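These notes concern the structure reproduced below.
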Amino acid sequence: MRSPFSSGSVRRPSRSCRWWVLLLVATGSCRNPVTPLSDGPPGQADTGPDPAPEVREDPGKAREDLPREATGTVEEASDALPADPGEAPDTPEVPVATDPGGAPDPGNPAPCPDGTPRMAFQPAEDRPQWFATAADLVIPTTTGPRRLADLWTGCGSLLFVPDRPRQNTGWPDTLFQYDVNLLLHRLPSSAQVLLLSIQDDAEARRQTLDRLQGAIDAYLEGLQGPEAEDLRGRIHLVTEAGGDLPGWLGALIRSPGWGVAVDRFQRIRFLGSFADPSRYDPSRQWFGPNLAMVANEARYYDFEARREADLQGRPARVIPVFQGQVLADPQWAGVQGIAEVALPDALTMAAMDTLEADLTLDCDGNGEYGTCPPWDYLVHLRLCDREDPDRCEMEIGRWVTTYHRWGRWVHDLSPLIPLIRDGGTRRLAFYTQQPYRVTLSLRIRDSGKATRPVEARFLFEGGPFDPSYNDRHPPRVEAIPPEAARVLLAFAVTGHGGVEPGNCAEFCRTEHHFTVNGHDHEVSFPEAGSSFGCMDEVDQGTVPNQYGTWWHGRNGWCPGREVPLRTLDVTADVTPGTDAVFEYRSLYQGQPYPGTGAALVLSSWLVVEVPRQGPPGS
């Protein structure tokens, strides 16, 4: 689906090859293996489950003229975040207010309320750069000067929100006039918000802050004492004009002007879109801004902190695949990025039971909007054949890209570890049509599971979702090894297209039936077609506040998210040492889909696990 802010045309694949393009079935039979998630003409916008007019306005490409700090590459030994070696600049000697019980003693930091490690504030050079470590500075507020290091709790983020952010250009100047109560309601307890005006006129800024303070006070009157005091201490009104603020903060408020944040690792981040799916404006053919959307940024930063703590708590062997290479297929020619990967030997691999993919899609330039690609396209990781390394068809990982934003995803692919069980040098291929700076690694480890996957056999793939879809999926008879202790069906499935009936298969609910020896297992995605289905999953890793219709629930996927490898335990449906019959069909409202023009992208496997022999690591 298309972002409303992009201009220019996109070359489409030929009509004769489009279904193979759309399905991304890794057969190598199509010259253009790319999956555009909308099938409309170039420039047509996705407006979600409820059709709306074509978007025609184009506010133009954003100018992001500040240098980008390199964020490093994945290393073999650690998943730790890159450190900023800069020294702290001199800070002015002014009296500053401090929060009661501020930052804990760095020598004995207590964990955060969510169980993640408390991050000590780090000295840093003052650099107005995306992802740079935020240097200390003093911020003038209505309660007095506040030093950034004192506001820092080590357990939360700080959001600097201007009254006229650049992404709201063309909309009435009302961001601070409405939705203050909704922002305060949605704001995570870990986050602090600093509201500021970019107006040069001091009296105009004072009036803006007075209105804000009145709205904040009115909301707090409805809360209980401790809750109200906690929230009051996390909302700050900045008295100086945004562009005149010191150091990196003022520089980034001036340009690029999106508003900024300091995330839970003390990195400078840009705020994304404020567009709210419930505020469609027919005259502008897009969605109006809502101040409360900024709370999604803090929710996502909390997710990142939990993910990093989880990764640090599960040491793994990290195998780099791509380390910041720019990959793209601008001519839709099927060009994939290729990497030769050195896996551990077969004996070491045989002791592993867990496989994860860690992917970062970085913008090839300085910033996000106008630099990160605009569309929510599928991207794929494929395993090349050992005997014929130039044949790279087996999909083992799938993601959907963001609308104009950076993203990182870590997800479990353990059922597919048998595909690389032999170890040694293997070739992997990564496909993206749009240009990204790709950092991808595999994480393998022995996590001590009672059983290990030893075999993964490909079963069913997707195709055009039409009246004959199920006829193209005949039953499969598979032998179940006598030693099998656990049998799974592993699958990744997503729906695409916007045809009637049902606006299928992106926004309609399809029912996938996997049947094993007559035992039916149904899988569906009830969030498909909902207004906020993907926004509700920011806490689970959906990149927030993208510049497109990212909020709406989809049929098995979200923009800015990995496509999970789901599993069904069918052990009870089979008998080891005998054959089993596997069947698959997909329905719409209990019947074969009657229309044409929709598609399902499916990869599925039969996975056999056997009992562990010996303790972990053996």
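The values are calculated or read from the model by the stated rules, or taken from the named source; none is laboratory data. Treat the numbers as computed from the prediction; the structure is a model and nothing was measured. Every residue, glycine as well, gets a Cβ built from its backbone with ideal geometry; the counts of neighbours run over all protein chains shown. SASA here: full protein model, heavy atoms, side chains in, ligands and nucleic acids out. Shrake-Rupley method; radii C 1.70, N 1.55, O 1.52, S 1.80 Å.
With respect to the conditions (1) open to solvent by less than 50 Å² (accessible area, probe 1.4 Å); (2) touching a helix residue (DSSP H, G or I) at 6+ places or on another chain (Cβ under 9 Å); (3) not aliphatic (A, V, I, L, M), Arg585 falls short on a single one, namely (1). Selection of first residues in segment 473-501 that are on the phi > 0 side of the Ramachandran plot and of second residues that are open to solvent by 10 Å² or more (accessible area, probe 1.4 Å) and among the basic types (Lys, Arg), restricted to Cβ pairs under 8 Å at least 6 apart or on distinct chains, gives an empty result.
Using the structure shown, decide if Thr354 is open to solvent by less than 30 Å² (accessible area, probe 1.4 Å), hydroxyl-bearing (Ser, Thr, Tyr) and either within 20 Å of the chain's Cα centre (by Cα) or closer than 22 Å to Glu395 by Cα (or both). It is true that Thr354 is open to solvent by less than 30 Å² (accessible area, probe 1.4 Å), hydroxyl-bearing (Ser, Thr, Tyr) and either within 20 Å of the chain's Cα centre (by Cα) or closer than 22 Å to Glu395 by Cα (or both). Quick one: is Ser447 exposed (fewer than 14 other Cβ atoms within 10 Å of the Cβ), under 29 Å from the mean Cα position of the chain (by Cα) and more than 30 Å from Gln589 (Cβ to Cβ)? Answer is yes for this residue. Return the residues of segment 476-490 that are open to solvent by 80 Å² or more (accessible area, probe 1.4 Å) and not basic (Lys, Arg); say none if nothing qualifies. Val477, Pro482, Glu483, listed by residue number.
Do we find a residue being hydrophobic (A, V, I, L, M, F, W, C), buried (at least 24 other Cβ atoms within 10 Å of the Cβ), within 30 Å of Cys363 (Cα to Cα) and touching an Asp or Glu at 6+ places or on another chain (Cβ under 8 Å) anywhere in segment 554-564? Yes, there is a match, as at least one residue in segment 554-564 is hydrophobic (A, V, I, L, M, F, W, C), buried (at least 24 other Cβ atoms within 10 Å of the Cβ), within 30 Å of Cys363 (Cα to Cα) and touching an Asp or Glu at 6+ places or on another chain (Cβ under 8 Å). Being of a type in the set (A, V, I, L, M) and open to solvent by 10 Å² or more (accessible area, probe 1.4 Å) is a description that does not apply to Ala429.
Here are Arg205, Arg211: which of them is surrounded by 20 or more Cβ atoms within 10 Å (Cβ to Cβ) and not small (Gly, Ala, Ser)? Being surrounded by 20 or more Cβ atoms within 10 Å (Cβ to Cβ) and not small (Gly, Ala, Ser) holds for just one of Arg205, Arg211, which is Arg205.
Residue count for segment 569-582, restricted to those that are open to solvent by 30 Å² or more (accessible area, probe 1.4 Å) and in contact (Cβ under 8 Å) with a residue 60 or more places away in the chain: 8. Here Phe322, Phe303 are screened, and the one residue that is farther than 28 Å from Ile420 by Cβ, in contact (Cβ under 8 Å) with a residue 12 or more places away in the chain and of a type in the set (A, V, I, L, M, F, W, C) is Phe303.
Please enumerate the residues belonging to segment 140-173 that are open to solvent by 40 Å² or more (accessible area, probe 1.4 Å), in a loop (DSSP other than H, G, I, E, B) and at negative phi. Once the filter is applied, which keeps residues that are open to solvent by 40 Å² or more (accessible area, probe 1.4 Å), in a loop (DSSP other than H, G, I, E, B) and at negative phi, segment 140-173 yields Thr142, Thr143, Thr153, Arg164, Thr169, Trp171, Pro172, Asp173. Number of residues in segment 504-547 that are at positive phi and within 14 Å of the chain's Cα centre (by Cα) equals 2. If we scan segment 492-512, do we find a residue that is over 30 Å from Pro277 (Cα atoms), modelled with pLDDT of 95 or more and not in a strand (DSSP E or B)? The answer is no, given that none of the residues of segment 492-512 is over 30 Å from Pro277 (Cα atoms), modelled with pLDDT of 95 or more and not in a strand (DSSP E or B). For first residues located in segment 512-526 and in contact (Cβ under 8 Å) with a residue 60 or more places away in the chain and over 12 Å from Leu489 (Cα atoms), partners that are part of a strand (DSSP E or B) and among the acidic types (Asp, Glu) and lie 6+ apart or on another chain with Cβ distances below 8 Å form the pairs His512/Glu522. Scanning segment 491-518 for residues that are more than 28 Å from Gly533 (Cα to Cα) and either of a type in the set (Gly, Ala, Ser) or surrounded by 18 or more Cβ atoms within 10 Å (Cβ to Cβ) (or both) yields Val516, Gly518.
Residue count for segment 187-233 satisfying the condition of being touching a residue at least 60 places away in the same chain (Cβ under 8 Å) and either more than 26 Å from Asp539 (Cβ to Cβ) or not in a strand (DSSP E or B) (or both): 8. Within segment 478-536, being in contact with a Ser or Thr (Cβ under 6 Å, 6 or more places away or on another chain) and farther than 15 Å from Trp605 by Cα holds for Ala485, Gly495, Arg509, Thr510, Glu511, Cys534. If you go through segment 357-391 and keep only what is over 30 Å from Phe274 (Cβ atoms) and open to solvent by 20 Å² or more (accessible area, probe 1.4 Å), you end up with Asp385, Arg386, Glu387, Asp388, Pro389, Asp390, Arg391. Filtering segment 287-343 to residues that are among the small types (Gly, Ala, Ser), farther than 30 Å from Ser447 by Cβ and open to solvent by 10 Å² or more (accessible area, probe 1.4 Å) leaves Ala328, Ala333, Gly334.
Screening Glu537 with (1) out of contact with any Lys or Arg (no Cβ under 6 Å at 6 or more places or on another chain); (2) touching a residue at least 40 places away in the same chain (Cβ under 8 Å) gives one miss only, at (2). Screening Glu125 with (1) crowded, with 20+ Cβ neighbours inside 10 Å; (2) not in a strand (DSSP E or B) gives one miss only, at (1). For segment 235-255, the count of residues that are in contact (Cβ under 8 Å) with a residue 24 or more places away in the chain, open to solvent by 10 Å² or more (accessible area, probe 1.4 Å) and farther than 27 Å from Ala202 by Cα is zero.
Residues of segment 305-333 that are of a type in the set (Val, Ile, Thr) and closer than 23 Å to Ala350 by Cα: Val318, Ile319, Val321.
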